[in-house]
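Just below is one structure, and these are the notes that go with it.
The values are calculated or read from the model by the stated rules, or taken from the named source; none is laboratory data. In this text, all values refer to a predicted model and were calculated from it rather than measured experimentally. Glycine also receives a Cβ, built like all others from the backbone with ideal geometry; neighbour counts cover every protein chain displayed. Side chains included, ligands, DNA and RNA excluded: accessible areas come from the protein's heavy atoms. Shrake-Rupley method; radii C 1.70, N 1.55, O 1.52, S 1.80 Å.
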Amino acid sequence: MNARSAGRSLGARPAHGGRGAVRVSAHGDGGGAVGAPLRPWPWVSAAAPRLPQETLAFREELDVLKFLCKDLWVAVFQKQMDSLRTNHQGTYVLQDNSFPLLIRMASGPQYLEEAPKFLAFTCGLLRGTLSTLGIKSLVTASVASLPTCKFQVVIQKT
């Protein structure tokens with residue numbers, strides 16, 4: 001399988017409004033086929049007992065997203081997320097201006113097409129953490145220029 005078809009198999013598609021932008025998403029498939037039941041994320045569940053109990057007592061969705069941007073991001077990438085924006089209607093945009101998995105690819109625009117491969121794991125990380133904390137969501141990522149990326153989290157109300 002070549003790189004171009006590999007990107008499509010990850011769910012890559014052109015982003016709206018950005019020339020050369022690439023998007024990837026982590027659907028409700030739990031890592032399997034679309035429509036498959038959500039599988040547990042044991043590595044997220046295993047980390048939960050190590051966190052202080054007050055950390056896991058979130059009052060609002062915004063508190064959970066702040067936890068992702070600060071504590072989780074530092075634990076995984078040794079840095080905080082650069083920005084968190086919301087429309088206060090269940091949609092959040094998390095931006096990392098120097099995403100560690102894309103930094104080495106930033107030397108040329110030819111790597112922009114390869115970026116979705118490096119964002120699929122992180123979309124799953126965010127979605128799995130939210131799922132473990134009891135929040136059903138849809139997470140997509142987009143890259144307009146390397147090494148900056150945006151993750152859009154849409155909370156699904158039930």
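Before moving on, here are some points about what is shown:
- Residues satisfying the stated conditions in segment 62-82, i.e. open to solvent by 30 Å² or more (accessible area, probe 1.4 Å) and in contact with a helix residue (DSSP H, G or I) (Cβ under 9 Å, 6 or more places away or on another chain): Asp71, Ala75, Val76, Lys79, Gln80, Asp82
- For segment 83-157, the strands (runs of 3 or more DSSP E) that sit wholly inside it and include 1 or more residues that are touching a residue at least 40 places away in the same chain (Cβ under 8 Å) and open to solvent by 60 Å² or more (accessible area, probe 1.4 Å) are 137-145, 148-155.
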